[in-house]
1. Run through segment 364-426 and list the trypsin sites (Lys or Arg not before Pro) located in a DSSP loop whose Cβ has at most 10 other Cβ atoms within 10 Å.
2. Add +1 for every Lys or Arg and -1 for every Asp or Glu among the other residues with Cβ under 12 Å from the Cβ of residue 555, and state the total.
3. Too long at a 18 Å Cα-Cα cut-off: which of 485/736; 608/699; 592/775?
4. In whole Hz, what ³J(HN,Hα) sequence does segment 717-734 give by Karplus (6.51, -1.76, 1.60; θ = phi - 60°), x for Gly and Pro?
5. Pick out, in residue order, every one of the GluC sites (Glu not before Pro) in segment 467-528 that is DSSP loop and has at most 11 other C-beta atoms within 10 Å; say none if there are none.
6. Quick check on my link table: of 287/697; 399/456; 373/697, which ones sit more than 25 Å apart, alpha carbon to alpha carbon?
7. May I ask you to evaluate 6.51 cos²θ - 1.76 cosθ + 1.60, the Karplus curve with θ = phi - 60°, for each residue of segment 215-229 and list the ³J(HN,Hα) values in order in whole Hz, giving x for glycine and proline?
8. Would you kindly derive the ³J(HN,Hα) couplings of segment 437-446 from the backbone phi angles with the Karplus curve 6.51 cos²θ - 1.76 cosθ + 1.60 (θ = phi - 60°), listing them in order in whole Hz, with x for Gly and Pro?
Amino acid sequence: MHLPLAYLSGTHASASRTEEQTRTEVGVGSLKLEPLEGIPVSRTKTGLKEIRSIVVNRREHHTELGEVQAGMAKRIEHRKSAAVNRRKRQKSTMADRIEHQTRLGDAESGMANRKKHGTQIKEVKLGVANRREHNDQLAIVPVHTEDVLMEHTGWTAESKPQNEEDSEPKPDEDEDLSFFGNHTSGEDESVSEVNDNVWDLIPELRPKLHMHQKKAFEFLWQNIAGSLVPALMEKTSKKIGGCVVSHTPGAGKTFLIIAFLVSYLKLFPGKRPLVLAPKTTLYTWYKEFIKWEIPVPVHLIHGTRSSRVFKPTPAVLRGSGPRPSQDVVHILDCLEKMQKWHAQPSVLVMGYTSFLTLMREDAKYSHRKYMAKVLRESPGLLILDEGHNPRSTKSRLRKVLMKVETDQRILLSGTLFQNNFCEYFNTLSLARPMFIKEVLKTLDPKFKRKKKGAQKARHLLESRARKFFLDNIASKINSDEAEEKMQGLNMLRNMTNGFIDVYEGTASDTLPGLQIYTILMNPTDIQHQILVKLHKIMEKCPGYPLEVELLITLASIHPSLINSSLCVKKFYSMEELMELERLRFDCKKGSKVMFVLNLVYRVVKNEKVLIFCHNIAPIKLFLELFENIFRWQQGKEVLVLTGELELFERGRVMDKFEELGGSSRVLLASITACAEGISLTAASRVILLDSEWNPSKTKQAIARAFRPGQQKMVYVYQLLATGTVEEDKYRRTAWKEWVSRMIFSEEFVEDPSRWQAEKIEDDVLREIVEEDRVKSFHMIMKNEKASTS
């Protein structure tokens, strides 16, 4: 330490120095000072006192600062402790409330208790609201896109800085990625006490539901939650499980599910609904969610090409650097929507094809493995639109769907029974996984005696249950004896009535009507020669060879169409095929072609025509014929709808056909691409060019036009070539339709042969028959069972 210069020189100008300057010049650490000569002792003592006073004051100041900091730390710790205690009290209050409601005997006592404890209810509601707000604020671990980009392009995005809390590894995670958000409290908690009945959850949608939809709404709540009264819902109840809504096509199943989802997420916000639908119906779901303006976020995952049309490249991937491929953009879009699905109560919608692609468990990259894990473990409710499609035992899609861990499922189908009872069993077990054990408990006497620890793997139990189902129930229904047949039907109904809601009614009260005609047509001379040759080839082969059956179907429409099949070269020479190709635009060589052109010519001024075909080649032929004969253009007067079109391109075609006052007149459609779940009510004439082994496809195709929104009488013409395999297919489909009606009908259904009547009530069809000079018609029958007036 050093002293001021004035003290060292022996001079002291007391008048020029202030007390404040002295304090400034003296160091704080000068605890011991020795007096110098020439300096007054009284002055020195006074300075020492002042210095010691300054030091003491500063020490007191530092002590106060330390106490303030300690107080702030304690206050922060106290606040954290109070928040934890508050959450514990909320959990305790909710648990006590749920435990108390479980002990209630009936709904009335629950309502009385609810009124009595109104203050507690408000506290619980406040606690749940606070927890939701807290969970919404929690950040989800960001998705690392490096693996996604490197998988396809080798391009690596710049890594973004993360919080320490985000980058910290979490226990029980297989990968570095984490799609699971923090909104999980709803899975174990319910805010059911704020509502007396589930109908109170959707007061704005209830008046818009028809009577059969209201019954189905209550049916869904009984099977998925166990009761209509929130206070009586028990998650461990044996009644809870998958169910089936089998309503006739056009009965409003989509709107029914939307209403149910809105109410379900209000009571169970942590249950993540996953809606899977065929590619053809995704656009319908998209439009329905927009139409009803539901207060629930909906995330729609498209295919790669549909995503390119619907969603632009994310802003984070734009710039001067290498552009990622569409596959990369699609995967990032999927990851983003899955995160949002986890972050808040919402609905995830995707097609079966996309679901099958994302469920790959043998993928190399971590993001693909985790997407499969999310889709397998996260859904709390699985909805399968047109769920009868993955019905084959060997179906890869069905095997993947069975791995989804939730048992709470809703399967939607307008045609539940398809081809046989094996497929029917597969459909029911897909909708309700516990149906497998229910079958074994009923039919297998050894199953009850087995110990719980000796249970077999699920697929082994399913195989055993399928065998008992076919041997004990299906064999009796297929029996020729009426008594045994009824016994099998009664057994089946007793096992399935509780979880299948059937509505076979139609909107005939509000729609003008439906007339269905089956027209057996005589082939032309050249057609007859080809068909006879092909049937002789078929007789030499066991069963129905698919390639020969395809050639027969094509030849029955027009002889030149067999050139479109690659297998035709096995049976015809190049000279014969070239001769047939010269007949391509000769309409008189094909009896079905003549009928279609004749009908379109008569009705095109006032009506629109919908033409269904199983194959693409006839669609291309009719497109060329309409361009040459009527001078129509594709995209204006004639539209085409096939499986090659992507989601929103299909939507544009359907919207253009449905446009009032538009230029479109005819829609050529693949029965596979658009026979399910879409509305084409602008058409009042429906033509089915070929027959199907599965009657449900025919039924679905008719329902595209005959459904709510139709303003005219609908006429359906199913064209069959007489004396061919098409007649055999028709008789087989009639039997399948009879079995389907018997399964779901309380009364005995008459023989299918009596459903047809040889009469014509369609004036246009009667004119065509009267003017027919080449005897194209062998027989015309009206389906009295399916027709309405």
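1. Answer in residue order: 364, 394.
2. Details: positive: 533, 589, 592; negative: 549, 690, 726.
In short, 0.
3. 608/699
4. For segment 717-734, the Karplus curve yields 10, 9, 9, 10, 8, 5, x, 10, 5, 5, 5, 4, 4, 5, 5, 5, 5, 5 Hz.
5. On the way: sites: 481, 483, 484, 504; in loops: 481, 504.
Taking segment 467-528 and a limit of 11 other Cβ atoms within 10 Å, the loop GluC sites (Glu not before Pro) found are 481.
6. Numbers: 287/697 23 Å; 399/456 17 Å; 373/697 34 Å.
Going by Cα-Cα distance, 373/697 fall outside the 25 Å limit.
7. 5, 5, 4, 5, 4, 5, 5, 5, 7, 8, 10, x, 6, 8, 9
8. 6, 5, 5, 5, 4, 7, 10, 9, x, 7
Laboratory data are not the source of any read-out in this text; all were calculated from the coordinates shown. Since the structure is predicted, the reported quantities are computational estimates derived from the model, not experimental observations. Using ideal geometry, Cβ is built from the backbone for each residue, glycine included, and neighbour counts are taken over all protein chains shown.
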